[in-house]
Amino acid sequence: MPLPIIGNLFSVWLNLRRLKYHHVVWQEWSRQYGEVLGLQLGCINLVVVSGADRIKEVLSREVFNGRPDGFFYTLRSFGKKIGIVFADGPSWNSTRRVALKYLKTFGYGTASMEALITEECSELIKLRMQDAGEPIEMDHMFDIPVVNILWRIVAGKRYDLKDDRLRKICYLIKRSFKVVDMSGGIINFFPYLRHIIPGYTGYRELKELHHSMYMFIKNVIREHESTIKYDKPRDVIDAFLIEMAENKDRSAATVTDAELQVVCLDLLQAGMETVSNTAVFLALHCMRDEDVQMRLHREIDDVIGERVPQLADRGRMVYTEAVILEALRISSVAAVGIPHMAVQDAQLGSYIIPRGTFILLALHDLHNGPQWEDPHLFNPERFISNSGKLISPDSFLPFGCGRRRCIGEALARSELFLFLTHLLQSFHLETPPGDPQPSTDPVNGVTLSAKPFRASFHLETPPGDPQPSTDPVNGVTLSAKPFRAVFKPRATGFN
Ligand code: HEM
């Protein structure tokens, strides 16, 4: 029962203290109240939809394709519904179409995207070679490579993996995903509270984060404006600038300067956290399950051997693909997708969903519910049929479906495959001695992430040799005890 003014917020708060995660609260209530769970959170009506059929129904119906008008969502786009992720209606449709067209023009989904990912993998391997055997903080390891790949296509730029400016941008993106959860938090439910308690509602921090991220994006766009050759677009930003110049005099300009900035932020935010967090979870599960890691090593040895991993190998690496799918399932970093909104009153099951209602999709529950056998176990085999083929279960929608389906799926899956194969071709991942097993409990936020943990990247030792010891040999300087390693020639063509 909703209380006056605050609605169900008190119950949410109480249950959040007990269950720790928003998606688990929705999950528990959905089990109790049904697939269409209606809540009133302050001034907002919110529905959580669960179950494969109901979720697919929402994703396939035009009437539920809107995005919420809530204060939190428009705060990041100059108070307007522009860009891709949080826009809707005709402007979303055309911006999404144009952005996809330009992404493809500049390599998205082609061999040159594969080359970009391979280059980042090479750089990452070089870095890990330098600190092989040392404990490495894993939470940020994939951030810069992931941004580099996307940013090369969007802005034609790549940064060194130790670049401080980009590290700061990655930090800002990550932080902006941690201030609230996907429902938008208190700032969405009572927007006027930002005037009274701007710190507590997260308003002040979000404003600062958006300001800094837009400063970075604006600078990149201004650099493009000053160096652009209108007959030779270099990247997605150039292509948008040319389109803007061509349509300048038309009353219905397709894209504005503000919109271009929001599209850049959309791609950075949607493309970085999700892939980076899933890659960290992938590494975490390999470390926790030696058997999984050994089977991956074996498949890499059998199919790829010592040459550079390629996307074309995927067809013959069913186990590796299954490990990636299992990590997407069990970690479900986009735990409730991106909120949809009913653009008209509409019937869903036996309920009328009023226009303007926010809709969260219980994707984490869909991927971890009782329809899966032992859902809490990391078991890649569940994605492999008896005849050794990959299975695509009905209850598996990590990238959504329908017209708002994720536009980054092809990139994300390619990145996860190449990161995993490159790293395990050269290293064996282990928990550093004395560190606890990394926990599978996630950290809450707009997307879920792994709790901080460390890993040691051990160079693959020749078969039969023991792991090299970290105990040094005494002397004027300390040296390592003699050991042997397999150094695999890596003819990437980028060095
Ligand atoms: C493991 C990685 C990823 C996961 C799990 C993921 C998941 C999702 C999900 C669940 C949605 C919401 C679909 C809906 O609203 O119904 C979405 C939307 C979106 N994703 Fe991804 N995503 C990933 C990677 C990426 C990447 C790499 C990009 C960058 C190119 C990207 C860009 C987007 C955009 C722009 C949208 C909004 C689409 C729209 O509203 O029309 N995502 N993603």
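Every number here is computed from the coordinates shown, using simple stated rules; none is lab data. Small disclaimer: the values here were computed from a predicted structure and weren't measured. When we count neighbours, we look across all protein chains shown, and the Cβ atoms used for this are built from the backbone with ideal geometry, even at glycine.
Taking the Cα centre of the stretch 86-177 as origin, sum charge times position over the Cβ atoms of Lys and Arg (+1) and Asp and Glu (-1), and report the length of that vector in debye to the nearest 20.
Charge dipole of the stretch 86-177: 540 debye, to the nearest 20.
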- Query: Can you put Phe419, Phe399 in order, fewest other beta carbons within 10 Å first?
  - Reply: Phe399, Phe419
- Query: Once you put a point 7 Å from the Cα of Met1 and another 7 Å from the Cα of Arg307, both along the Cβ direction, what distance in nm separates them?
  - Reply: 7.1 nm
- Of the options Met287, Trp26, Ser479, report the single residue whose Cα projects farthest towards the positive end of the charge dipole of the chain (beta-carbon charges: Lys, Arg +1; Asp, Glu -1). Trp26
- Task: Apply 1/(1 + (r/R0)^6) to the Cβ-Cβ distance of Lys232 and Asp164, taking R0 = 51 Å, and write down the FRET efficiency to the nearest 0.05.
- Result: 0.95
- How many nm separate the modelled label positions at Arg250 and Asn219, each set 7 Å beyond the Cα in the direction of the Cβ? 3.4 nm
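Under a Cβ-only charge scheme (Lys and Arg +1, Asp and Glu -1), can you give me the dipole magnitude of the stretch 143-200 about the Cα centre, in debye to the nearest 20?
180 debye
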- Would you kindly derive the ³J(HN,Hα) couplings of the stretch 434-447 from the backbone phi angles with the Karplus curve 6.51 cos²θ - 1.76 cosθ + 1.60 (θ = phi - 60°), listing them in order in whole Hz, with x for Gly and Pro? x, 7, x, 3, x, 8, 8, 5, x, 9, 5, x, 4, 10
- Query: If one computes the Cα centroid of the stretch 48-100 and of the stretch 163-226, what distance in Å separates the two points?
  - Reply: 20 Å
- Item | Backbone HN-Hα couplings from phi across the stretch 2-8 [Karplus 6.51/-1.76/1.60, Hz, Gly and Pro as x] | x, 8, x, 6, 7, x, 9
- Points 7 angstrom from Cα along the Cβ direction at Leu19 and Asp374: gap in nanometres? 2.5 nm
- Message: If the only charges are +1 at each Lys and Arg Cβ and -1 at each Asp and Glu Cβ, what is the size of the charge dipole of the stretch 128-250 around the Cα centre, to the nearest 20 debye?
- Response: 260 debye
- Sort Val146, Val236, Val292 so that the residue with the fewest other Cβ atoms within 10 Å of its own Cβ comes first and the one with the most comes last. Val292, Val146, Val236
- Sort His340, His195, His428 so that the residue with the fewest other Cβ atoms within 10 Å of its own Cβ comes first and the one with the most comes last. His195, His428, His340
- Note on the structure: Diffing the stretch 381-388: the Karplus 3J(HN,Hα) column from phi (6.51, -1.76, 1.60, θ = phi - 60°), in whole Hz with x for Gly and Pro, holds 4, 5, 9, 10, 7, 4, 8, x
- Task: Would you work out which of Ser176, Pro432, Val220 lies farthest towards the positive end of the dipole of the chain? Charges go on Cβ: Lys and Arg +1, Asp and Glu -1.
- Result: Val220
- Task: Please list, in chain and number order, the residues 5+ apart from Val443 or on another chain whose amide H is under 5 Å from its amide H, with Hs placed from the backbone.
- Result: Ser449, Ala450, Lys451
- Item | Leading residue at positive end of dipole, the chain (Cβ point charges), from Thr105, Phe86, Pro442 | Phe86
- Those aspartates and glutamates that a straight Cα-Cα span of less than 18 Å connects to Lys451, excepting residues fewer than 8 apart in one chain: Glu137, Asp139, Asp143, Asp181, Glu273, Asp289, Glu430, Asp435, Asp441
